[in-house]
Structures are given as C-alpha cells and as structure tokens.
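One structure is given here, and the rest of the page talks about it.
The values are calculated or read from the model by the stated rules, or taken from the named source; none is laboratory data. Computed from a prediction, not measured in an experiment: that's the story for all the values here. In this analysis, Cβ positions are derived from the backbone assuming ideal geometry, glycine residues included, and neighbour counts consider all displayed protein chains.
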Amino acid sequence: MQKFLKYGLVPCVIVLGILIGVIIIYNREDDKVFKEENDITINQVTNYEEMASDLDIKIISSICDCIYEDHAGYELPDDLVLTQDYGVFVKDASLEYNIAHDYVFEFTGNNDRWVRIIYSLIEEPLRDYFITNDSIVSTIDGVEVILYQYEELYIVDFKYHDMYYEIEANHVTLEELLTLIRGIFQDHDELNVNEIHEVYSMEPDRDVRVTNVVDSTVDVNIPWEFEDFGIPEVYFTSTSDVFVHDLRYEYKNGEQEFTVAFSSIEEPIQDYYFISDGEKSFIHGICMSIYQYENMYYVEFKINNHYYDVETTNMNEEELLEILEVIINSETKNT
C-alpha cells in the first residue's frame, strides 16, 4: 500500500514546495473493527481518500549518525536492514531550513517487508495522511499507543520520553511489531568508559586564536545552568577560515572544573590527542565516546548537527552524567 509512504524513499536533496498526496483515512464507528490481544486494540482502517497539500521541507541524508549508532536500539527481524536514514528540516524564523523536525529510519526486507521509524523532538511527525481521532488507545508497558491496520500495513503513534514516534510496518507480524515497540520502551542507556594511558599535546594545523568574549564584540548566551558552578568563563575559538569556529564554556568550583566546547561547523578544535579504539556509549539514545585519563574525563558526541567536547577534572562518573544530561535536555528543548 505505497500511498501510505511518508516521504517515499526520497533522495537526499533539497525539496521545496513538494506537492504530496495526503491520505485521509476514515475510521468511523460504523466501519471500525477491533482486534483484541491482551490489552492491545488494533483499529482497523477500511477505506481512504486522497487530497493534495504543499509541504515545504528539506531532506538531508544521514542526519542521525550519532543517534543509536548502527540503530542498535531497534529490535527488528534479521531480514530487515537499514536502507536509508535522513532528517526532515523545516524553516525557522529566518526562512532557512535549520529546524530538524523529523528523523527517519527506513528498513527493507524480504517479500515486500519494510519498516519506517520516524520520531520528532518537537511535535508529532509530519505526515502525508490524516487519521481521525476517534480511535481506541492501547497501553503497552504503561505507555499509551494507538495502532492502526490497513490490509498488510500497520501504523503506530505514541509519545515516549518527550519524543513523538510514528512507525509504519508493511508485511510484518503483530508479534514482530510489538517486539519493536517494546524494545523502544526499554532503557537503552549504555555506559562504556574507555581508559586511556597517555594524552599527547599537539599544535593545531592552522592559525587558531582563543579569545575571551568579555574582550570581544561577540555576544553569546549561556545555554546551561549547573548548580554550584555559577556563571562560566566563555571563550570563542577563531581560525583563518571562520570568525567563530567553536565556543568554550569553562566552569569551576574549587578543585572541580569542566569545559563544554561547542561547534555547529565541525568537531571543536583541541590541543591534545590520545589513541583509543574504545567502545561507544549511549545516553538517552545519543551515541558518544567517553574516555578517562587519571582524574579527567573526555567526552565527544554530536546531536542535531552540533558537535560537543566535554572535559572534566576531579569529577566522578555520576557528576559527568549529570552534565551530559543537562546538555542533551537543552538540545531537545531548543530543537
């Protein structure tokens, strides 16, 4: 039933003013059929009509490379493999496509089996169909979920941990679908701290200047509040290529201190390096690398096309996680 496809295996190019066929799915009481399995209700969809609507979006491929690396967070049958992932961007107040509205993962398998997982940190994902709201809500593992079925296609809507999800699954069994849904509800945080034995100093391979913002005309906000640490010192790093390459927020409380380096261009510039083939960690679904050297932690990750480096001194693992959660929550709220 290809008419239900959200973006239809779109190529990774800018799409402006796309004319998308919107499907209105009728789900009236007089033609609604329910299938009961424990406390789960499948709302049977019996017919639909199409109408047209303009959707002004931009499609960017592989936007989610740091969210569930290799998509280990999704429990799918072995024949379903990732074929593409992309972000759906909409315009901000400046009319630029800077807001990542949806994240989309598309998996295909044997015999016309496919699954599309879409989630949004803002609101319900954009969709090219409409379902009336008189459907029965199911509860799975304490989470309210709405499940629809049209012929061999399932559609699932729910909100979990401030994320709005939509799943479309074609020619999969109900058991496979429920395994996928319940897998999302599980706690996938996985912490792997990689021990490193030596940190090396290095000179940047280009002209780099670090300036305190109080000595410049650069106006910056302080996006995070950390109890007991107060207002940080803020620096910006500039290069011969760009005026502001990254921002650095330095917090200190007695012997404890940490720095958050942030860039929307590429990884923040550092004057050190170390060698490690360490394991990845997952905090609230965000893939990151965490290293420890003596009394210091180093963390690298990317979220919403923003690059972060976090360094802490004389702080324990629990305190490090609190810092990372504040940053991730801030990114979620500001998306």
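Of note:
- Summed over the stretch 299-335, residues that are assigned to a helix (DSSP H, G or I) and in contact with a Cys (Cβ under 8 Å, 6 or more places away or on another chain) total 0.
- Scan the stretch 136-163 for residues that are at pLDDT 85 or above and part of a loop (DSSP other than H, G, I, E, B) and the total you get is 6.
- For the stretch 308-330, a tally of residues being under 19 Å from the mean Cα position of the chain (by Cα), over 19 Å from E190 (Cβ atoms) and surrounded by fewer than 17 Cβ atoms within 10 Å (Cβ to Cβ) returns 2.
- The stretch 267-298 - residue that is farther than 19 Å from E257 by Cβ and among the hydroxyl-bearing types (S, T, Y) and, of those, modelled with the highest pLDDT: S289
- So V172, is it free of Cβ contacts under 8 Å to residues at least 40 places away in the same chain, of a type in the set (A, V, I, L, M) and not in a helix (DSSP H, G or I): no
- Residues that are assigned by TED's automatic domain parsing to the domain that holds E325, small (G, A, S), more than 30 Å from Y74 (Cβ to Cβ) and surrounded by 18 or more Cβ atoms within 10 Å (Cβ to Cβ) occur in the stretch 253-263; there is at least one.
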